[in-house]
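A quick write-up on the structure given underneath.
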Amino acid sequence: MPVSGKELIRELRKAGYEVKRITGSHYVMDNGKITVVVPNHSSDLPMGTEMAIRKRTGVCR
């Protein structure tokens, strides 16, 4: 089931990631070691984008 950028940002915050800056509709988040860019558009994230962010951060569903 696809998730929106807003939902993924919420999950990353719970996992200890902080928003460093927002550029347009893209949130740059990091936890001190890993930095990721999460798009926050009105639609759901493409599955490949979501899985790549989850793989890089280690945040599972």
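The values are calculated or read from the model by the stated rules, or taken from the named source; none is laboratory data. This one's a predicted model, so the numbers in the text were calculated from it and none came from an experiment. Counting neighbours? That spans all protein chains shown, and the Cβs are built from the backbone with ideal geometry, glycine included.
Please specify each residue of the stretch 14-30 satisfying the condition of being in contact with a strand residue (DSSP E or B) (Cβ under 9 Å, 6 or more places away or on another chain) and either under 10 Å from Val59 (Cβ atoms) or in contact (Cβ under 8 Å) with a residue 24 or more places away in the chain (or both).
Tyr17
Kindly indicate whether Ser25 is loosely packed, with under 11 Cβ neighbours inside 10 Å and polar (S, T, N, Q).
Working: loosely packed, with under 11 Cβ neighbours inside 10 Å: no; polar (S, T, N, Q): yes.
Considered against the rule, which asks whether it is loosely packed, with under 11 Cβ neighbours inside 10 Å and polar (S, T, N, Q), Ser25 comes out as no.
Any idea which of Arg61, Arg54 is assigned to a loop (DSSP other than H, G, I, E, B) and out of contact with any strand residue (DSSP E or B) (no Cβ under 9 Å at 6 or more places or on another chain)? Let's see the steps before the verdict.
On the way: Arg54 fails: assigned to a loop (DSSP other than H, G, I, E, B).
Step by step, each of Arg61, Arg54 is checked, and only Arg61 is assigned to a loop (DSSP other than H, G, I, E, B) and out of contact with any strand residue (DSSP E or B) (no Cβ under 9 Å at 6 or more places or on another chain).
If you check every pair at least six apart or on different chains, which have Cβ atoms under 8 Å apart with a residue in the stretch 43-60 that is within 14 Å of Gly16 (Cα to Cα) and modelled with pLDDT of 95 or more first and a residue that is among the polar types (S, T, N, Q) and surrounded by 11 or more Cβ atoms within 10 Å (Cβ to Cβ) second?
Thr57/Asn31
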